[in-house]
Amino acid sequence: MIRPAILSVLHRACASVPLFILVPACTGDDASDTSTHGDGGSSDGGSSDGGSSDGGSSDGGSSDGGSSDGGEALAIIGEWVDDFGGAHEITQTQWVQTFGADVFTYAIDSFDNTAHTLVAHSDDDDTWSRFDWTTLADELWYCQAAFGLDSAEAAAAATPADPADPANAGCGGFSWSRLTPQ
């Protein structure tokens, strides 16, 4: 289910706004680059179904499945703005999205810098989401590929977004969202 507040903000910004959020992309060559955070969820390393990145940096080397206190760094950490004026603050442990007066906070449970995916718990409605990211021409894009799910496992197992053409398609029938550094 799409949150009405997000739809309202996005609808005001653009008549044909994507319903999913784009996430910055990172690179990594080791398919075992996964980390788990929070209260025990983990990533199985998933597959990005052909999405590879040629930009960015993982800032942390390979991971042995580390945790928030000793694993690799999430590759998309930073302060970003999307094409609709939404602010995104991504840290090792949370992703905060601000659209006007509406603020949505996701606690990051697990991520995989190689597969360009993260699983997060919404503090706002007690559901789980899967975020995928990619880069194209040195630009970071993200897609909230699954949302409103009952568990971290369901989010991790959700079908990944298609990174082939993020500017035009691949995110639930819409384009991905571009993130620009603030």
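Of note:
- 5 angstrom amide H check on ASP102, placed H, neighbours 5+ away: none
- Rounded if a/c under 1.5, otherwise prolate or oblate - the stretch 124-182, Cα gyration tensor axes: prolate
- The simple spin-label model puts a point 7 Å past each Cα toward its Cβ; for THR91 and ALA167 those points are separated by 3.4 nm.
- Shape class of the stretch 82-182 from the alpha-carbon gyration tensor: oblate, with a/c at 1.5 or above and b/c at least as large as a/b.
Values quoted throughout were computed directly from the atomic coordinates according to the rules given, and no laboratory measurement underlies them. Bear in mind that the values here come from a model prediction, so they are computed numbers and not experimental data. Ideal geometry is used to build each Cβ from the backbone, glycine not excepted, and the neighbour counts take in all protein chains shown.
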